[in-house]
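Notes follow the structure.
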Amino acid sequence: MSKVITLELNNSLIFLTDALSIAKVASKKQNAVSLSKHTLAKSLALFSPLGQIISKTGDISTIIRSKGKIQNLVVDVNHNGIVRSYISDPNIIWDGNLNEALSMFAFADAYLRIRILDPTFASWDSEIKMNEVTLVDDLAQFFNQSQQIASAVFSCLKFDKDENIQEASSLIFTLLPQANEENIKWIETFMKENSFMQLGFKKTLKLLLDQGAKIHSEKKLQWKCSCSISKMNKALKLLSDKEIKEIKKEQGKVEIKCNFCHRSFTLE
């Protein structure tokens, strides 16, 4: 089961995420391969913990718009830890070892948009230009620019020789208001001596606990689509009666496919 563990150590909150199971489900649902699979898994590892970082009571939608090989990517996570995702171009190939793939080759002239729909507080929406297009650096840029949060962001992806996902995780440090230069130095030293890309989720968790980190919470994550026949009927209302009749005349039925899980709904 995927999860986000929130820890505290040296005046920083640490969000350690294991997104392996949701990445596997998402890749299967979207029939994603190669670089598309790599990018989708990395996005889930980085964006699924946002429900614990920037809003624990709201639903968060992360959207990337691009003029590159992958034009649209969406990761939604609600306050219950339910995640769903969509990638517009699931068949982009990486010519080489997938463990060495770079997401910067998937996007071009891209924008990262994050929306919070929160019934308790005011909803919120922010967009930034993705200057680095590495996802890791761009998320750190978002924290700094839109949230005024000092952060350090890392990811770990591992694939076997058949390009099956073996690890999809992330490590995000955010500094508390009382943090000082010594605390920042500790993070820099810790990451220099302990490569997250090499260690991954389990070994990094053990290291943090050995150094005295305290666990604040553990949130389970589950990939699950929320589509239904009633929601599809609402979508049909966007079409005129004339358009619906024309579709039925040409195809004999009206069929709508969910972008997230690819489930088809037939409306006679």
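The numbers here are math on the coordinates, done by the rules we state, and not lab data. Note that the coordinates shown come from a computational prediction; the quantities given were computed from them, not determined experimentally. A quick note on method: Cβ atoms are made from the backbone with ideal geometry, for glycine too, and the neighbour counts reach across all protein chains shown.
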- Calculate, for THR120 and ASN233, the FRET efficiency according to 1/(1 + (r/R0)^6) with r their C-beta to C-beta distance and R0 35 Å; round to the nearest 0.05. 0.75
- Message: Give me SER21, SER228, SER85 sorted ascending by neighbouring Cβ count inside 10 Å, so fewest comes first.
- Response: SER228, SER21, SER85
- Task: Rounded to the nearest Å, what's the spacing between the alpha carbon centres of region 123-152 and region 167-185? Just the number, please.
- Result: 15
- Exposure-ranked with fewest Cβ neighbours within 10 Å first, SER226, SER151, SER240 stand as SER240, SER226, SER151
- Task: Express the relative contact order of the chain as a whole percentage, based on alpha carbon pairs under 8 Å and six or more residues apart in sequence.
- Result: 24
- Task: Calculate the spin-label point distance for ASP210 paired with LYS249, positioning each point 7 Å from the Cα along the beta-carbon direction, and give it in nanometres.
- Result: 7.3
- Task: For helix 241-251, report the angle its Cα long axis makes with the longest principal axis of the Cα atoms of the chain; keep it between 0 and 90° and round to the nearest 10°.
- Result: 80
- Note on the structure: Residue separation between GLU100 and MET1 times 0.36 nm, minus their alpha-carbon distance, gives in nm 33.1 nm
- Message: For the chain, what does the helix formula give at 222 nm: sum of -39500 (n - 2.57) over DSSP H segments with n ≥ 4, over the residue count, nearest 500 deg cm²/dmol?
- Response: -10000 deg cm²/dmol
- Could you list, by residue number, the cysteines of the chain that have no other cysteine's beta carbon within less than 4.7 Å of their beta carbon? CYS156
- Message: Helix 181-193 against the longest principal axis of the chain: what's the angle in degrees, Cα atoms only, rounded to the nearest 10?
- Response: 70
- In degrees, nearest 10, range 0 to 90: what is the angle between the Cα axis of helix 136-146 and the longest Cα principal axis of the chain? 90
- Excluding THR120 itself, calculate the net charge of residues whose Cβ lies under 14 Å from the Cβ of THR120, where each Lys or Arg counts +1 and each Asp or Glu counts -1. -1
- Query: What's the Cα-based Rg to Rh of the chain, Rh via Kirkwood?
  - Reply: 1.01
- Could you please report the charge total around LEU9, scoring K, R as +1 and D, E as -1 over all other residues with beta-carbon less than 12 angstrom from its beta-carbon? -1
- Note on the structure: Here the Cα Rg-to-2.2 N^0.38 Å ratio for region 1-114 is 1.08
- Message: Below 21 Å, Cα to Cα, which lysines can LYS248 reach? Residues fewer than 8 away in the same chain don't count.
- Response: LYS231, LYS234, LYS237, LYS257
